[in-house]
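*Asks:* Quick one: structure below, then a few questions.
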Amino acid sequence: MPHFKVILSGRGIDCAIGDDRAVGFFTTRLIKAPDLGAAESVAKELVLSEWRSGGEYSTNNRGSLPVLAVEESFPLGLLAGIFSRRPSGYSFYRHED
């Protein structure tokens, strides 16, 4: 089964990050799926599961579930898919006035 890299953005959150409040983020997931569309769906579901009730970010988020958008997605070669570091975590941003 092919491997894909999916880069997502999320907005609509209100999450304390240090002394600031984050309103959005970027994150990347490596997904093994039959095709690109399936990989994008799986990546979105994985991210949303971390923001739903019981997820890692649910208690810190005063906003809504993030609205996700695929920024970029593409297939990886077999070796890159197998041996690449599995990205996790988020790059948060705050609202600039």
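Where a number appears in this text, it was derived from the coordinates with a stated rule and is not lab data. Note that the coordinates shown come from a computational prediction; the quantities given were computed from them, not determined experimentally. Cβ: placed from backbone, ideal geometry, glycine included. Neighbour counts: every protein chain shown.
*Asks:* How far is helix 36-51 tilted off the main Cα axis of the chain, in degrees rounded to 10, range 0 to 90?
*Replies:* Helix 36-51 sits at roughly 30 degrees to that axis.
*Asks:* When 7, 13 are ordered from fewest to most other Cβ atoms inside 10 Å of their Cβ, what list results?
*Replies:* Ranking 7, 13 by Cβ neighbours within 10 Å, fewest first, gives 7, 13.
*Asks:* Taking 0.36 nm per residue of sequence separation and subtracting the Cα-Cα distance, how much length would be gained by fully extending the chain between residue 16 and residue 74, in nm to one decimal?
*Replies:* Numbers: separation 58, 0.36 × 58 = 20.88 nm, distance 3.17 nm.
Full extension from residue 16 to residue 74 adds 17.7 nm.
*Asks:* Say a site is exposed when it is one of the GluC sites (Glu not before Pro), sits in a DSSP loop, and has at most 12 other Cβ atoms within 10 Å; what is then the longest site-free stretch of the chain? It would help to have the intermediate numbers written out before the result.
*Replies:* Details: sites that count: 56, 96.
The longest such stretch corresponds to 1-55.
*Asks:* Could you tell me the calculated FRET efficiency between residue 42 and residue 62, based on Cβ-Cβ distance and R0 = 22 angstrom, to the nearest 0.05?
*Replies:* Working: r = 27 Å, r/R0 = 1.25.
The calculated FRET efficiency here is 0.20.
*Asks:* Separate question: Would you list the P(r) distribution for segment 3-92, with all Cα-Cα distances sorted into 5 Å bins from 0 and each bin expressed as a whole %?
*Replies:* For segment 3-92, the pair-distance distribution reads 3, 15, 24, 23, 16, 10, 7, 2, 0.
*Asks:* Still on this structure, I have one more. So what is the relative contact order of the chain, in percent, for Cα pairs below 8 Å that sit 6 or more residues apart?
*Replies:* Worked out over the chain, it gives 44 percent.
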